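The values are calculated or read from the model by the stated rules, or taken from the named source; none is laboratory data. Everything numeric here is computed off the predicted structure, so don't read it as measured data. Virtual Cβ from ideal backbone geometry, glycine too; neighbours counted across all protein chains shown. Remember, those area values only see protein heavy atoms, side chains included, never the ligands or the DNA or RNA. Shrake-Rupley method; radii C 1.70, N 1.55, O 1.52, S 1.80 Å.
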Amino acid sequence: MPRPSPYADLPPRAFWRRAVADQDLRYLPDLWQPKTPVLPSQKIVTAGSCFAQHLGRALAARGLTWHITEPPPPDLPAEAWTAAGYGLFSARTGNIYTAAMLRQWVTWALDGVPMPREVWAEGARYYDPFRPSTPAEGFASRPDLETARHITLNAFAQALRDADWFIFTMGLTEYWQNRHQAYAYPTCPGTVRGQFRAADHRLCNQTYAETYEDMAAVFGLIRQHNPGIRFLLTVSPVPLTATATGDHALVASTYTKSLLRAVAGELRNRLDDVDYFPSFELISAFPFGGWAYEANRRSVSPAGVAFVMDHFFGQQPALLSPSPRTPPAVGRPPQDILCDDDVLDYYQTR
């Protein structure tokens, strides 16, 4: 008797026609099968690229426990929170775009590794090279900056020790490095603040192996301080603003996102406490036709974020059910999302 095909008993979600082509694309059932359910009472810590700012707020709005260990001062008006770096992530780290930057922050916070002493002075103000937009107006003195660093490192360490879940949104592979001490910057010096000097700064573009190694090291270090934590990775669907690699921006962006998606998948497959949620696919996959992007074809619309969260919640039995949405017309991007690399648009040839 002929041996039955291994495809004969697969569920509908395994076949493109039944899982995608025949579905109402406003909601895809069984897109994600969580390894472990997220419970409303569990503390969720977020960090990462600009898209991670959407996720934290959306999770909180849906009733989950977004664990904030560095809240804004009571006397700071809500309209000033974004410029000051509050309400974006669990701690006031600013955007962490790369695995290299995440590894730095985690070792600074948990492993006792001192932060570099580098500070950028402009006029009477001082700026932190590792979060140059936080706060937007900088600090009045170097001691003020260093005190703020200490507060954030303690807050980030507390968040990681307390968390039931750490959600990290992977954004970039391309970053700038200090040539002499090999630490990474979130943006190229001279873009948001500081001055670029070829003798001091160089471009790096992380390989698959480097990205995997950094992420695995991060998970290992966090587990030492919080053995019960679980990790959830996402990949930002936001393309690169600009690339310094010499490649076309579309080619460079495809390289970056493909690499990050592959690393996230490998980590999810190899490590029991790591999961991957496909927000990248929900926004950027071709069957959706790009409806969730704004007119700049980079920023994700509020409706696109809601679409992602519908799938996150819809496939978690302990959470709220989804509410399918019709793709809306393109509108203005949200004004309270802080992305350092947006400044690179200034340098484009007009």
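Taking (1) touching a strand residue (DSSP E or B) at 6+ places or on another chain (Cβ under 9 Å); (2) under 20 Å from Ser253 (Cα atoms); (3) open to solvent by 30 Å² or more (accessible area, probe 1.4 Å) in turn, Thr207 satisfies each apart from (1). Residues of the stretch 37-67 that are exposed (fewer than 14 other Cβ atoms within 10 Å of the Cβ) and either part of a helix (DSSP H, G or I) or at pLDDT 95 or above (or both): Ala61 alone. Taking the stretch 111-135 as the range and being open to solvent by 50 Å² or more (accessible area, probe 1.4 Å) and small (Gly, Ala, Ser) as the test, the residues that pass are Gly112, Ala121, Gly123, Ala124.
Take the residues in the stretch 168-186 that are crowded, with 23+ Cβ neighbours inside 10 Å and polar (S, T, N, Q); name whichever of them is farthest from Glu122 (Cα to Cα). So, considering only residues that are crowded, with 23+ Cβ neighbours inside 10 Å and polar (S, T, N, Q), the one farthest from Glu122 (Cα to Cα) is Thr169.
Within the stretch 75-90, the set of residues being in contact with a Leu (Cβ under 8 Å, 6 or more places away or on another chain) and buried (at least 24 other Cβ atoms within 10 Å of the Cβ) comprises Gly85, Leu88.
Sub-6 Å Cβ pairs linking a first residue in the stretch 245-265 that is closer than 20 Å to Ser279 by Cα to a second residue that is of a type outside the set (D, E, K, R) and open to solvent by less than 10 Å² (accessible area, probe 1.4 Å), at least 6 apart or interchain, are Thr256/Thr173; Leu259/Thr173; Leu260/Met170; Leu260/Val235; Arg261/Val235; Val263/Thr211; Ala264/Leu233; Ala264/Val235, ordered by first then second residue.
One residue is enough: does the stretch 91-110 have a residue meeting the conditions under 19 Å from Ala159 (Cα atoms), assigned to a helix (DSSP H, G or I), open to solvent by 60 Å² or more (accessible area, probe 1.4 Å) and at pLDDT 95 or above? Yes, the stretch 91-110 has at least one match.
Taking Val238, is it of a type in the set (Val, Ile, Thr), touching a residue at least 12 places away in the same chain (Cβ under 8 Å), open to solvent by less than 20 Å² (accessible area, probe 1.4 Å) and in contact with a helix residue (DSSP H, G or I) (Cβ under 6 Å, 6 or more places away or on another chain)? Judged against the criteria, Val238 is not a match. Just one of (1) within 27 Å of Ala184 (Cα to Cα); (2) crowded, with 16+ Cβ neighbours inside 10 Å fails for Pro71. It is (2). Of all the criteria given as (1) over 28 Å from Gly220 (Cβ atoms); (2) in contact (Cβ under 8 Å) with a residue 12 or more places away in the chain, the one not satisfied by Arg268 is (1). Of all the criteria given as (1) free of Cβ contacts under 8 Å to residues at least 24 places away in the same chain; (2) open to solvent by 30 Å² or more (accessible area, probe 1.4 Å), the one not satisfied by Phe139 is (2).
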